[in-house]
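**Student:** Sending over a structure as structure tokens; questions will come in a sec.
The values are calculated or read from the model by the stated rules, or taken from the named source; none is laboratory data. All figures in this text were calculated on a predicted structure; none of them were measured in a lab. Cβ atoms come from the backbone with ideal geometry, glycine included; neighbour counts cover every protein chain shown.
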Amino acid sequence: MTTAPTTYAPTTSGGQRGVAVELTGLRRSYGPVRALDDLTLRLAPGELVALLGPSGCGKTTALRCLAGLEDPDGGRIEVDGKDLTRVPTNRRDLGMVFQAYSLFPHMTARQNVEFGLQLRRQPGERRRARAAAMLDLVGLSSQADRFAHQLSGGQQQRVALARALAIEPQVLLLDEPLSALDAKVRVQLRDEIRRIQLEVGTTTLFVTHDQEEALAVADRVGVMRSGRLEQIAAPQELYSRPVNDFVADFVGVTNRLPGHAHGHAAAVMDADVPLLSGSATSGAVTVLVRPEHLAVRPDAAGGAEVLSVSFLGAHARVVAQVTGGPKVFVQVPSRAVADFSPGQRVTVTPVGEPALAVAREEA
């Protein structure tokens, strides 16, 4: 399912705007494997769109086709209204950052950032000024004269980002740029990427397998499967209103609970749960419920037993086994950890938030 992008055109301090990007009906096959299956995706000027999905879903192939590193078997690629489908990579005016930092080891950070400008025969004074500005943008002015081996992984990726932005690309392409970094650095750098993207205003396509990363940085997130977009929407909408069970399962943790649909609601665990549009409306269903949309309380006569309790910082998670039913995950405030322990009897109930129901066959 695709939806038209909302208008999103941040303006940089220089008055520049991002450009629109359109991938229309893209197809790409590798032998019998169809990596892209009539993919259509539109990015509004200045928008950051993240593509998310399992390995082999086609997200990287889509980015590589946009970059000119892969030739689609069919379809059309437009940037700022111009057909780039068969235009060579070096004439597409795109900036790219990949998982591997790919810095030149014999060059300093400043020289790496200047490299693309040098290829474009920019005067030395302009190259130096632009490189200085980009290193300042990514917070590495003080590291300008260091070589790659003298920089941490996060610093090297910042240099790679500065190098990609130095040429003032029409579109920025990020292919798993944080995958090689440790967890803390990844969080810091993803926030930096978003800050920089908003400041510069460049239209950006971000490919990742990390759902938290995608939800944190993107204006819209597209979930892909088998070369197609299952859904593309703002992060909050994607999480709270998935269009099918694949999206619901892939984005966040989801409980699959047996129920019985009757119109716009379903009976689940002795409670009625309102159903999202697109849900099955009658008969036996599986209702997809988020952990934060379940409540759990100690109850000696309860119909579930606590299996484990995990403290996760801002919140905690209780895992319970429903008697004769599924194992469920329930999110609770971190202060509630002391209220639960393995083996304890509890009652688990939905809290009434809208959920998705899919039809299931009776056993």
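**Student:** Only one of (1) touching a residue at least 40 places away in the same chain (Cβ under 8 Å); (2) out of contact with any strand residue (DSSP E or B) (no Cβ under 8 Å at 6 or more places or on another chain); (3) basic (Lys, Arg) is not met by Arg194, so which one is it?
**Tutor:** Answer for Arg194: the failing condition is (2).
**Student:** Kindly evaluate Leu84 against the criterion of being in contact (Cβ under 8 Å) with a residue 60 or more places away in the chain and either touching a Pro at 6+ places or on another chain (Cβ under 9 Å) or of a type outside the set (Ser, Thr, Tyr) (or both).
**Tutor:** no
**Student:** Against the condition farther than 27 Å from Leu178 by Cα and modelled with pLDDT of 95 or more, how does Thr24 come out, does it pass?
**Tutor:** Criteria met by Thr24.
**Student:** Continuing with the same structure: Among what's in the stretch 342-357 and is modelled with pLDDT of 95 or more and not in a strand (DSSP E or B), pick the residue that is farthest from Val332 (Cα to Cα).
**Tutor:** Gly343
**Student:** Only one of (1) among the aliphatic types (A, V, I, L, M); (2) under 21 Å from Pro105 (Cβ atoms); (3) touching a residue at least 60 places away in the same chain (Cβ under 8 Å) fails for Leu172. Which number is that?
**Tutor:** (2)
**Student:** Under the condition of being β-branched (Val, Ile, Thr) and closer than 18 Å to Leu140 by Cα, which residue from the stretch 151-198 is modelled with the highest pLDDT?
**Tutor:** Val159
**Student:** Does Ala131 meet the test of being of a type outside the set (Phe, Trp, Tyr), in the same structural domain as Pro45 (by TED's automatic domain parsing) and under 18 Å from Gly116 (Cα atoms)?
**Tutor:** yes
**Student:** How do the pairs read when you match residues in the stretch 142-153 that are under 10 Å from Gln111 (Cα atoms) with residues anywhere that are surrounded by 15 or more Cβ atoms within 10 Å (Cβ to Cβ) and basic (Lys, Arg), using Cβ under 7 Å and keeping only pairs 6 or more apart or on different chains?
**Tutor:** Ala144/Arg110; Asp145/Arg110
**Student:** Does the stretch 118-138 contain any residue that is in a strand (DSSP E or B) and either at negative phi or in contact with a strand residue (DSSP E or B) (Cβ under 6 Å, 6 or more places away or on another chain) (or both)?
**Tutor:** no
**Student:** I would also like to ask the following. Do we have Ala284 as out of contact with any Pro (no Cβ under 6 Å at 6 or more places or on another chain), more than 21 Å from Phe246 (Cα to Cα) and either assigned to a strand (DSSP E or B) or modelled with pLDDT under 95 (or both) here?
**Tutor:** The answer is no for Ala284.
**Student:** Related question: Considering only residues that are out of contact with any Lys or Arg (no Cβ under 8 Å at 6 or more places or on another chain), part of a loop (DSSP other than H, G, I, E, B) and within 20 Å of Phe250 (Cβ to Cβ), which ones fall in the stretch 21-65?
**Tutor:** Ser55, Gly56
**Student:** Just give me the residues in the stretch 322-331 being surrounded by 15 or more Cβ atoms within 10 Å (Cβ to Cβ) and closer than 16 Å to Gln344 by Cα, in sequence order.
**Tutor:** Correct list: Val322, Val328, Phe329, Val330.
**Student:** Same structure again: Would you confirm whether or not the stretch 214-235 contains a residue that is of a type in the set (Val, Ile, Thr) and farther than 25 Å from Asp175 by Cβ?
**Tutor:** Checked against the condition, which is being of a type in the set (Val, Ile, Thr) and farther than 25 Å from Asp175 by Cβ, the stretch 214-235 yields no hits at all.
**Student:** Part of a loop (DSSP other than H, G, I, E, B) and over 30 Å from Ser29 (Cβ atoms) - does that describe any residue in the stretch 75-88?
**Tutor:** Among the residues of the stretch 75-88, not one is part of a loop (DSSP other than H, G, I, E, B) and over 30 Å from Ser29 (Cβ atoms), which makes the answer no.
**Student:** Output the residue which, of all residues in the stretch 87-136 that are out of contact with any Leu (no Cβ under 7 Å at 6 or more places or on another chain), aliphatic (A, V, I, L, M) and touching a residue at least 12 places away in the same chain (Cβ under 8 Å), is surrounded by the most Cβ atoms within 10 Å (Cβ to Cβ).
**Tutor:** Ala131
**Student:** Of the residues that sit in the stretch 39-75 and are charged (D, E, K, R) and within 20 Å of Phe206 (Cα to Cα), which one is farthest from the chain's Cα centre (by Cα)?
**Tutor:** Checking each candidate, the answer is Asp71.
**Student:** Considering (1) among the small types (Gly, Ala, Ser); (2) surrounded by fewer than 16 Cβ atoms within 10 Å (Cβ to Cβ); (3) touching a residue at least 40 places away in the same chain (Cβ under 8 Å), say which one Gly343 fails and leave the rest.
**Tutor:** (3)
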